[in-house]
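Peer 1: First the structure, which I've put down as structure tokens, then a few questions once you've had a look.
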Amino acid sequence: MATGSEKLDQIVERLKGTADPKRRYEYVLWLAKKLEPLPEACRNDAFKVKGCVSQVYVVGQLVDGRLHWRGDSDAAITKGLLALLIEGLEGLEPAAAAAIDPAFLAETGLQASLTPSRANGFLNILRMMQAQASALAAES
């Protein structure tokens with residue numbers, strides 16, 4: 001299943017090829033560590049993901065027709081899931097980001113080891129990023 005993002009497809013393939021749930025979590029946590037710190041100014045309600053148990057912020061920017069993302073979360077696993085989406089949607093055109101089908105999550109095998117609230121949070125982060133992508137496209 002292709003997502004429409006080469007980078008996201010690579011991440012999905014990597015996770016899909018890992019049989020051990022613990023290794024999947026380690027990869028997600030490793031992604032979290034790679035996220036750049038989010039400026040305090042971006043930690044406001046406009047960028048806060050609704051429907052997440054943890055505090056999650058994601059900020060999209062459109063530069064030369066391509067999306068660039070920043071974000072942070074106070075929970076390590078959630079931060080890793082956010083990092084996965086940031087990496088997967090980085091550099092896409094808004095229409096491509098908005099068209100990504102969340103069904104790719106099942107392909108990763110992560111859903112089996114995520115709590116329902118985390119899986120739901122993951123979808124809420126994706127939806128927020130897609131909404132921002134659409135809004136940024138409409139503004140430009």
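Peer 1: Filter segment 38-86 down to residues that are in contact with a Lys or Arg (Cβ under 6 Å, 6 or more places away or on another chain) and of a type outside the set (Val, Ile, Thr) and give me whichever is surrounded by the most Cβ atoms within 10 Å (Cβ to Cβ).
Peer 2: Ser73
Peer 1: Moving on to the next point. State whether one or more residues within segment 108-124 are farther than 26 Å from Lys22 by Cα and not small (Gly, Ala, Ser).
Peer 2: Scanning segment 108-124 turns up no residue that is farther than 26 Å from Lys22 by Cα and not small (Gly, Ala, Ser).
Peer 1: For Val63, only one of the following conditions fails: (1) among the β-branched types (Val, Ile, Thr); (2) over 25 Å from Arg23 (Cβ atoms); (3) touching a helix residue (DSSP H, G or I) at 6+ places or on another chain (Cβ under 8 Å). What is its number?
Peer 2: Val63 satisfies every listed condition except (3).
Peer 1: Something else about it: Being within 14 Å of the chain's Cα centre (by Cα) and closer than 18 Å to Leu105 by Cβ: is that true of Val53 here?
Peer 2: For Val53, the condition - within 14 Å of the chain's Cα centre (by Cα) and closer than 18 Å to Leu105 by Cβ - is not met.
Peer 1: For the subset of segment 95-140 comprising residues that are closer than 23 Å to Arg24 by Cα and among the charged types (D, E, K, R), which member is surrounded by the fewest Cβ atoms within 10 Å (Cβ to Cβ)?
Peer 2: In this case the residue turns out to be Asp101.
Peer 1: Here's something else I'd like to know. Can you find a residue that is of a type in the set (D, E, K, R) and out of contact with any helix residue (DSSP H, G or I) (no Cβ under 9 Å at 6 or more places or on another chain) anywhere in segment 104-120?
Peer 2: Looking through segment 104-120, none of the residues is of a type in the set (D, E, K, R) and out of contact with any helix residue (DSSP H, G or I) (no Cβ under 9 Å at 6 or more places or on another chain).
Readers should treat all values here as calculations from the given coordinates under stated rules, not as data from a laboratory. The shown structure was predicted, so the numbers you read here are calculated from the model rather than taken from an experiment. A quick note on method: Cβ atoms are made from the backbone with ideal geometry, for glycine too, and the neighbour counts reach across all protein chains shown.
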